[in-house]
Amino acid sequence: MAELGLYTGVFVVSNSHELYNHREQWQPYRPGLSVGLRGGFYPLKFLGAEVEGGIVPLRTDGGGRAMLYTIRGHALFQLPLFSAVPFILGGGGVTGTTGALGPDIDPSFHFGGGVKAYLNHWFGIRVDARGLPMPARTLDGGYTLHSELLFSVVITLNRQRRDNDNDGFHDPRQRSRREDACPATPGVRDLRGCPDLDGDGITDSEDICPRKPGSKTRKGCPELLDTDGDGYFDPRQFEIPPGKKDLCPGVAGVPEYTGCPVPDSDDDRVDDLHDKCIDKPETINGYQDADGCPDKVPKQVRKILGRIQGIQFGFLRANLTENSKPIIASAAKVLAKYPDLRLEIQGHTDSDGNPEKNLELSRRRAEAVRTELINAGLPEHQVTAVGYGGDKPISSNQTEEGRSVNRRIEFRLLDQDGRALEVPGGKKK
């Protein structure tokens, strides 16, 4: 806002003043009556800038007439209440004199404080108490302090109306176009000063979920949340459709169990929706492990599992001998009848020699057998090859006979997680 003022008051000149022309004989001044005009602009409620100009007719102690005049500006900091507004100020300018001791002009500073009292929206009164540090008539050229007490009549322009909740909307009965629909609570512009804690454009008084942003179609509540993404909505939400409340909100489930996971009654890792034998656990043996029923690996498959007799290689090489290939072809025919089986071909060596070279040799031998099985018609995904070197002996490496046994190829079925299973009926190693 802007403010215009007409002031009057008392100006008390210090007895150490330097307001005189040095060609004149110095005398003290008596207190004088000051009058002047003031203009101010307040870009913020608590901060403004003002300029003043005034005169002070007075006399010296010797009875001579003189006139002081002031031109000054200052910054004003105020507590922006509505009717009574306390403030402090500080600034500078010039103060001059003419008449009995003049002419003379000196720089001046001033500081002070006071209070404004507004009688209505346009008019008010104001009281200031000021101190004015100015050059002193001393040998060391120091400063002295003058004092001033002012009383003003003020006119306000574009003064802000009362807004008790400080939301930019004016309290009712002030003839304002921005009248606050909720004057006791801070609000937002789009809702004419009514509060909207979650910022969703719906007043808190009409918002079913005032602390969570939502939509008008859901009366201010957010869209339904489905944490586990199973199509069933977390409980304790507004207006969940019938039958769509998730009984297990933290775990993805299925419609058959209202958002809960499918149970596994026989604890065989095949859920009840896919388990053909709910009350009988699956036999984990690599054969039809997904149907949930107990079973046995077919006899002809069991015959080709474990250590495969007759598979031979060249000395320290991975080349299959010719008499090994019919054995592998026979195994391929059996496996072709059971396309759901997955087979791991294991290569093993004895413990003689460098362990790293043994590991590489065992891997290459297992790969050679895998390649032969694929050439015989098995799909690549059905067989994998792994080399174990000499880490898994089945006999003593202290004798030639034991070492010969340890140099071997084994076939093992894999479970659904890709782990090699023990040979059915065989001894665990």
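Some points to look at:
- Residue match in the stretch 305-314 (condition: in contact with a helix residue (DSSP H, G or I) (Cβ under 9 Å, 6 or more places away or on another chain) and either acidic (D, E) or more than 22 Å from I394 (Cα to Cα) (or both)): no
- Hey, D279 outside the structural domain of L378 (by TED's automatic domain parsing), loosely packed, with under 15 Cβ neighbours inside 10 Å and farther than 30 Å from S404 by Cβ or not: yes
- Residue within the stretch 202-216 that is touching a Lys or Arg at 6+ places or on another chain (Cβ under 9 Å), assigned to a loop (DSSP other than H, G, I, E, B), over 30 Å from T185 (Cα atoms) and among the acidic types (D, E) present: no
- Out of E322, E367, E344, E372, sole residue that is closer than 30 Å to D271 by Cβ and among the charged types (D, E, K, R): E344
- Considering residues of the stretch 85-138 that are among the aromatic types (F, W, Y) and modelled with pLDDT of 95 or more only, the residue nearest to the chain's Cα centre (by Cα): F87
- Restricting the stretch 209-234 to residues that are more than 22 Å from the chain's Cα centre (by Cα) and basic (K, R), the residue that is nearest to V254 (Cα to Cα): R218
- L421 vs. criteria closer than 20 Å to A290 by Cβ, at pLDDT 95 or above, hydrophobic (A, V, I, L, M, F, W, C) and in contact with a Leu (Cβ under 9 Å, 6 or more places away or on another chain): no
- Within the stretch 378-404, residues that are touching a residue at least 60 places away in the same chain (Cβ under 8 Å) and surrounded by 18 or more Cβ atoms within 10 Å (Cβ to Cβ) reach no partner that is among the aliphatic types (A, V, I, L, M) and not in a loop (DSSP other than H, G, I, E, B) with beta carbons closer than 9 Å at six or more positions or on different chains.
- Leading residue by the ranking (farthest from the chain's Cα centre (by Cα)) among those in the stretch 235-266 that are of a type in the set (V, I, T) and over 27 Å from L197 (Cβ atoms): V262
- Of all the numbered requirements in (1) touching a strand residue (DSSP E or B) at 6+ places or on another chain (Cβ under 9 Å); (2) crowded, with 17+ Cβ neighbours inside 10 Å, C248 misses one, and that requirement is (2).
- Selection of the stretch 5-61 for residues being surrounded by fewer than 20 Cβ atoms within 10 Å (Cβ to Cβ), among the aliphatic types (A, V, I, L, M) and at pLDDT 95 or above yields L6, V10, V12, L33, V35, L37, L47, A49, V51, I55.
- In the stretch 296-339, the residues that are under 59 Å from the mean Cα position of the chain (by Cα) and part of a loop (DSSP other than H, G, I, E, B): K296, V297, L305, K337, Y338, P339
- Boolean, G402 is modelled with pLDDT under 95 and part of a helix (DSSP H, G or I): yes
- On inspection, G259 does not qualify as at positive phi, touching a residue at least 40 places away in the same chain (Cβ under 8 Å) and buried (at least 17 other Cβ atoms within 10 Å of the Cβ).
The values are calculated or read from the model by the stated rules, or taken from the named source; none is laboratory data. Predicted, not measured: the structure shown is a model, and the values here were computed from it. With ideal geometry, Cβ positions are generated from the backbone for all residues, glycine too; neighbour counts draw on all protein chains shown.
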